[in-house]
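Heads up, the thing below is written out as structure tokens.
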Amino acid sequence: MSALRTAFGVVIVAVLLFPVYWMVNTSLQGSENLLSTQWFPFQVDLGGYREAIDSQLGNLGTSLVIAVGAVLVCLAVSAPAAYGLSRTALPLPGGAALLTLLVITQMIPGIVIANGLYSLYNDVGLIDSRIGLILADASLGVPFCILLMRSFMTNIPSSLIEAAKIDGASELRLFWSIVLPLSRNALVTAAVFAFLFAWSDFLFALTLTTGQDVVPITLSMYTFIGAHTQSWAALMATATIASIPAAALLVVAQRYIAAGVTGGAVK
């Protein structure tokens, strides 16, 4: 039975990873036509990667700046908010209603938020700006990060908080010196998810940019298809390069993510 479960798991993983393999495989064959792509790259051609680096490296840097900026905004807003909504802080009036609203915000379609932001951005001059995309991407990550970190902070032992208060620590000192260090796993997990939200964003990039000054890699790949329909090797090479930062981040932060996601599940 154990062998059967293992085999079933291997099949599921193989099915899930096959698109990734085919992306990398196509990028290494220099194929101009997907129908001519072989199952294995017996003759490696790095021409697609050279073309991708020459044309997409700047857009990759733009996405990196936007994603890192969104992470900083999410953590700066979510950590104090999560602390305020947890039982370790002073009672917050209407906290339960606020948590309900945060859950509801996760149900709002992204296109609704993007259309609303477009009118606002047009009035304040944030169209075609990195700051605008950072704030837009952070708007998706903040509610999720608050809910995640609050669940973790709620399980911080009350004895630690009470002992610090007896020693005369203020709420700010409690938050900075006790709550944040103990919430490291939740902070890393929230940062990873906020990064992935911003890194993979396409809707905000398409809606809130109109020119060529600020082009994230997701939007660049979309326009790349239209301009180079037959350059499938270059397109797949671009997709492969774009997936490296997210994959590397997940590998590095894997143990923190596992602890952060389950940290608020049990006492």
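Label zone of Ile111 (point 7 Å out along Cα→Cβ, amide N under 16 Å): in region 199-224 this covers 202-208. According to the calculation over all Cα-Cα pairs in region 91-161, the P(r) per 10 Å bin from zero is 16, 38, 27, 14, 5, 0 %. Short to long, the 5 Å bins of the Cα pair-distance histogram for region 67-218 hold 1, 10, 17, 18, 17, 13, 10, 7, 4, 2, 1, 0 percent of all pairs. Accessible surface calculations at 1.4 Å, restricted to protein heavy atoms, place region 40-88 at 50 Å² per residue. The simple spin-label model puts a point 7 Å past each Cα toward its Cβ; for Ala163 and Ile131 those points are separated by 4.5 nm. Stretching Leu101 away from Ser55 to a fully extended chain increases their span by 12.3 nm, per 0.36 nm per residue minus the current alpha-carbon distance. For Arg255 and Asn122, the difference between the fully extended length at 0.36 nm per residue and the C-alpha to C-alpha distance is 43.7 nm. Across the chain, the relative contact order, built from alpha-carbon pairs under 8 Å that are at least six residues apart, equals 33 percent. For the chain, the fraction of 1.4 Å probe accessible surface lying on carbon and sulfur atoms is 71 percent. For the listed peptides 202-209, 102-109, 249-256, a ranking on the average number of other beta carbons within 10 Å per residue, highest first, reads 202-209, 249-256, 102-109. Estimated at 0.36 nm per residue, the fully extended path between Ala246 and Arg173 surpasses their Cα-Cα distance by 22.9 nm. Highest average first, the peptides 186-198, 16-28, 51-63 ordered by how many other beta carbon atoms sit within 10 Å of their residues are 186-198, 51-63, 16-28.
Could you bin all the Cα-Cα distances of the chain into 10 Å bins starting at 0 and give me the percent of pairs in each, rounded to whole numbers? Each 10 Å bin holds this share of Cα pairs: 7, 23, 27, 23, 14, 5, 1, 0. The packing ranking, built from the mean of other Cβ atoms within 10 Å per residue, places the peptides 7-15, 73-81, 121-129 in the order 73-81, 121-129, 7-15, highest first.
The values are calculated or read from the model by the stated rules, or taken from the named source; none is laboratory data. From a predicted model like this one, the values you see are computed outputs, not experimental measurements. All Cβ positions, even for glycine, are placed from backbone atoms using ideal geometry, and neighbour counts span all protein chains on display. Surface areas here come from the heavy atoms of the whole protein model, side chains and all, with no ligands, DNA or RNA. Shrake-Rupley method; radii C 1.70, N 1.55, O 1.52, S 1.80 Å.
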